[in-house]
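Single-structure report; data block below.
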Amino acid sequence: MQTLSQYLNQAQLSPALAALLTTLANSSKDISQAVRKGALAGVLGVAGTENVQGESQKKLDVITNDMLKDALAADGHVRALASEEEDEVVVLGDKGEFLVCFDPLDGSSNIDINSLVGTIFSVLPAPVGEISEQSFLQPGRNQVAAGYVLYGPSTMLALTTGKGVQLFTLDPVSGEYLLTVAEVQIPKDTAEFAINMSNQRFWEAAMQNYIADLIQGKAGPRGKSFNMRWIAAMVGDVHRVLSRGGLFTYPTDTKDPKKPFKLRLMYEANPMALLVEQAGGKASTGYDTILDIQPEQIHQRVAVILGSANEVDVCLEYHGR
Ligand code: AFP
């Protein structure tokens, strides 16, 4: 089986990008170890601090954020980084071709129940000159690489550099990521959807109608039964979509008028949208293609509907698209 470094060597990437992706992969191995120690390392529970989102940070949120920051600072190819756990962008130096956005530990609410969590990363080109938050505000289509690491029964890295999507599995014996799926293809159709149903009364009518129709099953307008999953960690739900198809959505809702959307554009929606599109799926807000959105703020949130292309199209019809 091809190792990640063998894959990167033959993928015709710039040496700088290959080195950066190697740094991210190596950092994820350390994060995997920290996550797997759990209670034994006293890393569960809350850190007693809040992030810029006003969310209580888990100890592992802070620990993994610091691990990634240190790794990227030492890499030499990264001008600056933006993290879910950092209020402002962190400028690392005046050298390096790339900007990196990341969610160090997506699915934090799963940490203390030993459920799925992951790391999501997005690599953008660094513009010449002074680096500020403005430098990061590039549409997702500009990403030169994107991926996630899922800390599940096995630790798996999903990666795209614009040449399809590859899945690597961490071999606990050798410590190497091995290529286990060379070309992910999301099935165009599906009978599985993922949504947090507890927000149903807060959705727009378009989403209420779409979901109402599909849960009517065979007797309903869709003429077939659907299954539902909800992992409460985007990395886990998206990995299932890449693995066997499906539709994942976190739509807009009126639950908190100050927060009409949940998922963050720069380090959740954009990297996942690139992976899904590269694997033959679609990713939309319900009204706009995610990768075409011009970001206005580094921690901006958006609605997300992604997955099997034909099912996303059906959902978009309910949104008048
Ligand atoms: P946390 O990292 O705060 O747990 O949020 C995870 C997430 O951003 C995304 O990964 C999940 O799909 C979504 O939130 C889960 O949201 P709910 O907790 O409202 O179901």
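The values are calculated or read from the model by the stated rules, or taken from the named source; none is laboratory data. Nothing here was measured: the structure is a model prediction, and the numbers come from that model. FYI the Cβ positions are ideal-geometry reconstructions off the backbone, even for glycines, and counts take in every protein chain you see. Keep in mind that these areas ignore ligands, DNA and RNA; they rest on the heavy atoms of the full protein, side chains included. Shrake-Rupley method; radii C 1.70, N 1.55, O 1.52, S 1.80 Å.
Some values worked out for this structure:
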| read-out | value |
| --- | --- |
| Condition met for I305 (assigned to a strand (DSSP E or B), touching a residue at least 40 places away in the same chain (Cβ under 8 Å) and closer than 21 Å to D106 by Cα) | yes |
| Strands (runs of 3 or more DSSP E) contained in the stretch 103-170 and holding at least 3 residues more than 16 Å from the ligand (Cβ to nearest atom) | 117-125, 155-160, 166-170 |
| Single residue of L247, L263 found to be assigned by TED's automatic domain parsing to the domain that holds A206, more than 13 Å from the ligand (Cβ to nearest atom) and within 17 Å of M207 (Cα to Cα) | L247 |
| Test: residue in the stretch 169-177 that is in the same structural domain as K29 (by TED's automatic domain parsing), touching a residue at least 60 places away in the same chain (Cβ under 8 Å) and among the β-branched types (V, I, T) | no |
| Residue in the stretch 204-224 that is among the small types (G, A, S), surrounded by 23 or more Cβ atoms within 10 Å (Cβ to Cβ) and either over 29 Å from V181 (Cα atoms) or more than 11 Å from the ligand (Cβ to nearest atom) (or both) present | no |
| Criterion: in contact with a strand residue (DSSP E or B) (Cβ under 9 Å, 6 or more places away or on another chain), in a loop (DSSP other than H, G, I, E, B), surrounded by 15 or more Cβ atoms within 10 Å (Cβ to Cβ) and not polar (S, T, N, Q) - qualifying residue of V43, V100 | V43 |
| Hey, S243 open to solvent by 50 Å² or more (accessible area, probe 1.4 Å) and in a loop (DSSP other than H, G, I, E, B) or not | no |
| Subset tally (residues that are in a helix (DSSP H, G or I) and closer than 20 Å to H77 by Cβ) for the stretch 11-36 | 17 |
| Residue in the stretch 83-91 that is under 14 Å from F136 (Cβ atoms), more than 12 Å from the ligand (Cβ to nearest atom), assigned to a strand (DSSP E or B) and not aliphatic (A, V, I, L, M) present | yes |
| Residue within the stretch 58-67 that is in contact with a Leu (Cβ under 8 Å, 6 or more places away or on another chain), assigned to a strand (DSSP E or B) and surrounded by fewer than 19 Cβ atoms within 10 Å (Cβ to Cβ) present | no |
| Of the criteria (1) within 21 Å of A158 (Cβ to Cβ); (2) open to solvent by less than 20 Å² (accessible area, probe 1.4 Å), which one Q33 fails | (2) |
| Conditions (1) in contact with a Ser or Thr (Cβ under 6 Å, 6 or more places away or on another chain); (2) closer than 17 Å to R36 by Cβ; (3) open to solvent by less than 10 Å² (accessible area, probe 1.4 Å); number of the one not met by A146 | (2) |
| Subset of the stretch 194-244 (residues that are of a type outside the set (S, T, N, Q) and over 24 Å from F261 (Cα atoms)) | G217, K218, A219, G220, P221, R222, G223, K224, F226, R244 |
| Only listed residue being within 13 Å of the ligand (Cβ to nearest atom) and surrounded by 18 or more Cβ atoms within 10 Å (Cβ to Cβ), chosen from A269, A279, A283 | A269 |
| Failed criterion for L137 (all others in (1) closer than 23 Å to G236 by Cα; (2) surrounded by fewer than 24 Cβ atoms within 10 Å (Cβ to Cβ) hold) | (1) |
| Residue match in the stretch 239-258 (condition: farther than 27 Å from Q278 by Cβ and at pLDDT below 95) | yes |
| Given (1) more than 21 Å from I63 (Cα to Cα); (2) under 21 Å from the mean Cα position of the chain (by Cα); (3) crowded, with 21+ Cβ neighbours inside 10 Å, index of the condition G118 fails | (1) |
